[in-house]
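To start, the structure itself, in structure tokens.
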Amino acid sequence: MGIIESLKQPWPWYIAGPLIGLTVPMLLIVGNKSFGISSSLRHICASCLPANIPFFKYDWKKELWNLFFVLGILLGGVIAASLLSNHAPVEVSPKLAAELAGYGITDYSNLVPKDIMTWPSLLTLKGFLLMVVGGFLVGFGTRYAGGCTSGHAIMGLSNLQWPSLIATICFMIGGLLMANLILPLILIL
Amino acid sequence: MQQHTDTVHQTQPHTLKASDTHPIQVQQKWYANLKYMIIGMLFGIVFVKSEVISWFRIQEMFRLESFHMYGIIGSAILTGMVSILLLKKFKIKTMDGEPINIAPKTFNKGQIYGGLIFGLGWAMTGACPGPLFAQIGTGVTVISVTLLSAIAGTWVYGLLREKLPR
């Protein structure tokens, strides 16, 4: 199998995890930047709609690197999808597939479920809850917690910060509650 | 009063310290940020190819049905931890010759409340903030609405910040 062919396969965790972890020293060495992504949402607020809110009154231009970083993530998505994709459906555990089939989710052709996450489904209660309310909770929660999976779980834990451990545990508790107890109620809507 | 302050200014003129003109302090041009875009691009590719940005993979993780995501997050933390340990041990400097500086995090109850709220949203959208950008890049344009909503959530947090328990 050629290099390009193997790159087009889904990458195993033991390749992807260390590569993600290496972002931490890379950003530190390149420019003394602490890895974190959710701050970009704050910088967007500060640059576009500060509305005289003290939380958004700071020199966001000094944090411009973070916006370039997330723009890069978006472009990385473009490159991976256009040049490095083998267009195979996402493989998941048979148990999850059986459960999701019960909710009418059977399309695995994309990384997000096309059965529930499309433009038309935005106008359904289920789609609105998952995409709009879910997105709101992500933005509100990460800022309230002072970071997300990158800033707390990866950067914070890498630097042995115990507040990040508490945040990460709470991320997991919230996710476990939603996925197992609340999401099933949303998916049957 | 006005006269007094004027006198103060005259007797104690602002002296330009050496550090003020040090190259590190100079505001960098915007294109200096392109290097972060390239790191972001590599990072985004890993996100997609490892299926970290997959809603299905996130559901699997929270149902404890697959090791994949735990393996990724765990090995990423381990790699980051060893890297920071080595950076500190060998006192490695940045490319500009600055000492590496990581701001410590302080605890407040926001990490609990906010953490739980983010966790709920994470399992609903199947994405944390980084993957949202990557998902849009793969062509799922509807996720731009999720991203806008996340920005709105951040904005509302900023608005309510003083009133929230911390």
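The values are calculated or read from the model by the stated rules, or taken from the named source; none is laboratory data. As the structure is a prediction and not an experimental result, all values here were calculated from the model. Note that each Cβ is placed from the backbone with ideal geometry, even for glycine, and that neighbours are counted across all protein chains shown. Heads up: the accessible areas ignore ligands, DNA and RNA and are worked out on the full protein's heavy atoms, side chains in. Shrake-Rupley method; radii C 1.70, N 1.55, O 1.52, S 1.80 Å.
Taken together, A:7, A:22, A:64 contain a single residue that is under 30 Å from residue B:156 (Cα atoms) and in a helix (DSSP H, G or I), which is A:64.
Results for (1) modelled with pLDDT of 95 or more; (2) in a loop (DSSP other than H, G, I, E, B); (3) in contact with a His (Cβ under 6 Å, 6 or more places away or on another chain); (4) within 7 Å of another protein chain (Cβ to nearest Cβ), shown as yes or no for each residue.
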| position | (1), (2), (3), (4) |
| --- | --- |
| A:97 | yes, no, no, no |
| A:117 | yes, yes, no, yes |
| A:122 | yes, no, no, yes |
| A:127 | yes, no, no, no |
| A:136 | yes, no, no, yes |
| A:140 | yes, no, no, yes |
| A:151 | yes, no, no, no |
| A:156 | yes, no, no, yes |
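Candidates B:139, B:74, B:158: the one that is open to solvent by less than 10 Å² (accessible area, probe 1.4 Å) and facing chain A (nearest Cβ under 7 Å) is B:158.
Taking residue B:102, is it facing chain A (nearest Cβ under 7 Å), assigned to a loop (DSSP other than H, G, I, E, B) and open to solvent by less than 60 Å² (accessible area, probe 1.4 Å)? In short, yes. Does residue A:178 count as over 30 Å from residue B:103 (Cβ atoms), under 14 Å from the mean Cα position of the chain (by Cα) and not basic (Lys, Arg)? Against the criterion (over 30 Å from residue B:103 (Cβ atoms), under 14 Å from the mean Cα position of the chain (by Cα) and not basic (Lys, Arg)), residue A:178 does not qualify. One residue alone among A:10, A:25, A:18 is at pLDDT below 95 and either open to solvent by less than 50 Å² (accessible area, probe 1.4 Å) or facing chain B (nearest Cβ under 7 Å) (or both), and that residue is A:10. Selection within segment B:124-149: residues that are outside any helix (DSSP H, G or I) and among the aliphatic types (A, V, I, L, M). The member of this set that is nearest to the chain's Cα centre (by Cα) is B:127. Taken over segment A:32-52, residues that are more than 17 Å from the chain's Cα centre (by Cα), open to solvent by less than 10 Å² (accessible area, probe 1.4 Å) and at the interface with another protein chain (Cβ under 7 Å from one of its Cβ atoms) amount to 1.
Flag: residue B:97 does not match the condition of being under 18 Å from the mean Cα position of the chain (by Cα) and touching a residue at least 24 places away in the same chain (Cβ under 8 Å). Residues satisfying the criterion are present in segment A:105-120 (criterion: farther than 22 Å from residue A:21 by Cα, touching a residue at least 40 places away in the same chain (Cβ under 8 Å) and open to solvent by less than 30 Å² (accessible area, probe 1.4 Å)). In summary, residue B:64 fulfils each of the numbered conditions (1) on the phi > 0 side of the Ramachandran plot; (2) within 16 Å of the chain's Cα centre (by Cα) with the single exception of condition (2).
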